[in-house]
Amino acid sequence: MIQKLKKKFILINMSLVFLVLLAVFGVLLISTYGQLQGQGHMILQMVLERGFQQEALGLEDAGEFPPPQDPPAITDSLREEGAPLISTFLVWLDQEGEIVKLQENDFSSAQELSSEAVRAALENPRQTGVLAEQQLRFLKKETPEGMLIAFADRSNESYAMKRFLINSFCVGLGALAAFALISLFLSSWALKPVQAAWQRQKQFVADASHELRTPLTVILANMGILQEHKEETLAAQEKWVNNTVEEAKRMKKLVDDLLFLAKADASKTVSPKEEICFSDLTLQCVLSFEPVAFEQGIDLKTDIQPELTLWGCRGELQQLLMILLDNGGKYAGPDPSEPGKGPWIRVSLHKRQNRICLQVENSGECIPQEALPHLFERFYRVDSARTRTTGGSGLGLAIAKTIADEHQAQLAVTSKKHTGTCFSVCFPC
């Protein structure tokens, strides 16, 4: 799917680039052709004006026809590239349409073309136009004695347009190749988050299926045993019934956790927020966790600053606290810094500058440094076998991270050999 999306991204990008280049070069082509056409028409007007002045003086006293001045921009560029300059010739016609005089300006083939060019120009009803066969542009002017027709060579226009088309093609081809490489790079870069999300989703589905398969397998096995011993009483098969209930509870909790994360991913969680005394809430969670800590032989310590309030959802913050306490209880072990001392958990809550910081620390084995960045990933376990024995699904810390993010809090973890593991959550005041 990612490869198809990548190809589609490149195809759409290249299509847009091609259309933009086509529009740009099309506008430049029309503009260039219009400029060349205007310059040719301007030169023909100059030739006619000077020819008309000579006719007013009389053809006998006309003298040598001065060459027209070409516009510097086009003339200089053509001269530098070795292209032919604009050559012109002027034809005087009498009332019967016969050629009276021919005057050329750097046009060696004017004599050969004049008769055919005059005939084609006279047949054309327009005052100005182009003779495609002769590669000439003409401009006619009526006079009392007859007609003046100025002709200009269009070789320079053809040459300039040819060079423009070749240059445009080369530049456009190079631009398309460059944009193809850029699109290839951008598609890989832009689709990285999509690819990562797709991989996470596939892994999430695989892990969720695996987690759900275990309790379902146990439930089906227990039901099978109960069906095989239908004659026995419920009390005699209480073990299988209790196992089924425990696995059903575990599966329900897993489904609830998955539903919470799915809603968070879809941004559909609308949690009502209120001003909460976080100190009292933390103390309540610690008190409810005391029996669990006592049964596990864990020394539970607290250092809670009173009257600390923040804006948040009470239910979610309580869930966050219980997740961190439960996680600390599962992995608390003997203090390596003090041999013989049992496991402990320390809960502290203090205000630091403009932030309220909660810390849940526990003694025990150090978490490998390479595993710390992955602790908040879904279904991640440092020790998979140990986690299964404690009943964890690998979703608790992921939910804690989601709740912290919803409250604009920063959730972090550190783990050192002699100080234990510390989860800290800093909330903005």
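The values are calculated or read from the model by the stated rules, or taken from the named source; none is laboratory data. Every value quoted in this text rests on a predicted model; they were computed, and no experiment measured them. Neighbour counts are summed over all protein chains in view; Cβ atoms, including those assigned to glycine, are modelled from backbone coordinates with ideal geometry.
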Is there a residue in the range 297-307 that is surrounded by 15 or more Cβ atoms within 10 Å (Cβ to Cβ), more than 24 Å from residue 395 (Cβ to Cβ) and among the hydroxyl-bearing types (Ser, Thr, Tyr)?
no
Qualifying positions in the range 408-418 - modelled with pLDDT of 90 or more and in a loop (DSSP other than H, G, I, E, B):
408, 409
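Taking the stated definitions as given, is residue 376 surrounded by 14 or more Cβ atoms within 10 Å (Cβ to Cβ), under 28 Å from residue 428 (Cα atoms), of a type outside the set (Asp, Glu) and modelled with pLDDT under 90?
Values: surrounded by 14 or more Cβ atoms within 10 Å (Cβ to Cβ): yes; under 28 Å from residue 428 (Cα atoms): yes; of a type outside the set (Asp, Glu): yes; modelled with pLDDT under 90: yes.
So residue 376 fits the description; yes.
Could you list, in sequence order, all residues of the range 189-238 that are among the aromatic types (Phe, Trp, Tyr) and not in a helix (DSSP H, G or I)?
Scanning the range 189-238 gives no hits.
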Read through the list (1) at pLDDT below 80; (2) over 30 Å from residue 405 (Cβ atoms), then give the number of the only condition that residue 263 fails.
(2)
Give me the residue from the range 18-43 that is among the hydroxyl-bearing types (Ser, Thr, Tyr) and touching a residue at least 24 places away in the same chain (Cβ under 8 Å) and, out of that set, farthest from residue 182 (Cα to Cα).
33
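Name the single residue, out of those in the range 228-254 being within 58 Å of the chain's Cα centre (by Cα) and among the polar types (S, T, N, Q), that is surrounded by the most Cβ atoms within 10 Å (Cβ to Cβ).
Looking only at the range 228-254, we keep the residues that are within 58 Å of the chain's Cα centre (by Cα), and these are 239-254.
Subset that is among the polar types (S, T, N, Q): 242-244.
Working: 242: 11, 243: 16, 244: 19.
Per the criteria, the residue is 244.
When the range 266-287 is examined, which residues are found to be modelled with pLDDT of 85 or more and either in a helix (DSSP H, G or I) or of a type in the set (Ser, Thr, Tyr) (or both)?
Residues of the range 266-287 modelled with pLDDT of 85 or more: 273-287.
Residues satisfying the conditions are 278, 279, 280, 281, 282, 283, 284, 285, 286, 287.
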Which is under 43 Å from the mean Cα position of the chain (by Cα), surrounded by 14 or more Cβ atoms within 10 Å (Cβ to Cβ) and modelled with pLDDT under 85, of 392, 396, 312, 328?
392
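Every residue, every condition in (1) surrounded by fewer than 17 Cβ atoms within 10 Å (Cβ to Cβ); (2) not hydroxyl-bearing (Ser, Thr, Tyr), yes or no:
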site: 136; (1), (2): no, yes
site: 142; (1), (2): yes, yes
site: 147; (1), (2): no, yes
site: 162; (1), (2): yes, yes
site: 171; (1), (2): yes, yes
site: 183; (1), (2): no, no
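Give the residue, chosen from 122, 184, that is under 25 Å from residue 25 (Cβ atoms), hydrophobic (A, V, I, L, M, F, W, C) and either in contact with a helix residue (DSSP H, G or I) (Cβ under 6 Å, 6 or more places away or on another chain) or modelled with pLDDT under 90 (or both). Can you show your working first?
On the way: 122 fails: under 25 Å from residue 25 (Cβ atoms).
Exactly one of 122, 184 is under 25 Å from residue 25 (Cβ atoms), hydrophobic (A, V, I, L, M, F, W, C) and either in contact with a helix residue (DSSP H, G or I) (Cβ under 6 Å, 6 or more places away or on another chain) or modelled with pLDDT under 90 (or both), namely 184.
When you check residue 165 against the structure, is it touching a helix residue (DSSP H, G or I) at 6+ places or on another chain (Cβ under 8 Å) and at pLDDT 85 or above, yes or no? Steps first, answer last, please.
Details: touching a helix residue (DSSP H, G or I) at 6+ places or on another chain (Cβ under 8 Å): yes; at pLDDT 85 or above: yes.
Spelling it out, residue 165 is indeed touching a helix residue (DSSP H, G or I) at 6+ places or on another chain (Cβ under 8 Å) and at pLDDT 85 or above.
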Would you tally the residues in the range 217-272 being closer than 30 Å to residue 317 by Cα and of a type in the set (D, E, K, R)?
11
For the range 113-149, how many residues are in contact (Cβ under 8 Å) with a residue 12 or more places away in the chain, more than 16 Å from residue 98 (Cβ to Cβ) and of a type in the set (D, E, K, R)?
3
With the requirement that a residue be buried (at least 19 other Cβ atoms within 10 Å of the Cβ) and either free of Cβ contacts under 8 Å to residues at least 12 places away in the same chain or in a loop (DSSP other than H, G, I, E, B) (or both), what does the range 355-371 give you?
363, 364
